[in-house]
Amino acid sequence: MRLSLVMWCMMIPVCNQGFGQEPQGVFQFFPVPNLKFNFDRDVPFKQTDFGDNFLRQIVGNRDQQKQQLARIEVSEADESKLGKNQFSLFAKKLKSQRIGLTDKGKDVAYLHQLINKLRPLMTNQDRYSSISIYIADSPLTDARSFPGGTIVVFRGLLKFVTNEAALVGILGHELSHLDRQHQLEQFKNSLLAQQTINGGVKDYGQFAGFSQVMMNSFMTPYALEQEKEADLDGCRWAFQAGYDPREFAEIFRRLNDRFPDRQNQAPSFLRSHPYHIDRFMAIRDTSRKLIKTTPDKQLIRGRENLRRRQAHR
């Protein structure tokens, strides 16, 4: 049973780090129009087979894995190369869909203003001294970041947000992916696997550890955890910059209302993003706790700032 589960999971592609794609971020095996996937019906396993214990068996202890990955250094040059390659592939995909990209104009300048408010809050701000920003001419409500410091915001997202505070939360989310080096995790896993191979595997105990390292090099089943981390960073950073973080939470309530039928029942580690309603509640609860710490603080919403594309001073 466990071997079958392992082989089945190795077929799962690793997700891209994006803000909140209109579908409820589920891994796609192959594009089939109008396919309604039911996990318990369409695969030979039960959803309950894929809990935390299953993940620990497959990829090992998460805290231990984080410690291993933290010891692996990725140079800024290597990260830049990786990011440029990923962005190039993404740009080609958009071009094939006749979606244009631009790094000029009033919208881009406005996003740079907001990024400059948030970048000082990053732990690794010196590593990302320059952030490149592009607008994708698409109605999708999405944004995504790439290693090295590139952020793409879809025009549909700019139309969907109702104030500057919400947009600041979204940009904080994308900066968090960079700051925590989420996009580098699969690359680091590959380096760890290479180190393990070069070091040799001499006994069964080493082989068991080697198997987990190799599994991690092919899949990163913690995308959900990373999205939650980025959400809460975006919430905290928006508050620290003087904005009302509840407006960031409101984005996910509205997305949930917009797509009420997108609650796929796949187990959590097969989803690339948490459910919109779960994200709303998590950010809302964190926002309330933050606001209680300084209840008299005047918080910015910035509806007019967004309309004029002029960041609050």
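Some notes on this structure:
- A Cβ distance below 9 Å, combined with a sequence gap of six or more or placement on separate chains, defines the contacts here; from region 80-94, residues that are open to solvent by less than 70 Å² (accessible area, probe 1.4 Å) reach residues that are part of a helix (DSSP H, G or I) in the pairs Leu82/Gln183; Leu82/Leu184; Leu82/Phe187; Gly83/Gln183; Gln86/Gln183.
- Candidate set: region 300-313, residues that are part of a helix (DSSP H, G or I) and among the basic types (Lys, Arg); chosen: the one least open to solvent (accessible area, probe 1.4 Å): Arg308
- Taking the criterion of being touching a strand residue (DSSP E or B) at 6+ places or on another chain (Cβ under 8 Å) and within 30 Å of Ala241 (Cα to Cα), the residues of region 85-122 that qualify are Phe87, Leu101, Thr102, Asp103, Gly105, Asp107, Val108, Leu111, His112, Ile115.
- Once region 245-299 is narrowed to residues that are of a type in the set (Asp, Glu) and either surrounded by 19 or more Cβ atoms within 10 Å (Cβ to Cβ) or farther than 24 Å from His182 by Cβ (or both), the residue that is modelled with the lowest pLDDT is Asp261.
- Residue in region 122-144 that is within 24 Å of His312 (Cβ to Cβ), at pLDDT below 95 and out of contact with any Gly (no Cβ under 7 Å at 6 or more places or on another chain) present: yes
The values are calculated or read from the model by the stated rules, or taken from the named source; none is laboratory data. Please read these numbers as outputs of a predicted model, since none were measured by experiment. Cβ coordinates were reconstructed from backbone atoms using ideal geometry, including for glycine residues, and neighbour counts include every protein chain displayed. Please note that ligands, DNA and RNA were not included when accessible areas were found on the heavy atoms of the full protein model with its side chains. Shrake-Rupley method; radii C 1.70, N 1.55, O 1.52, S 1.80 Å.
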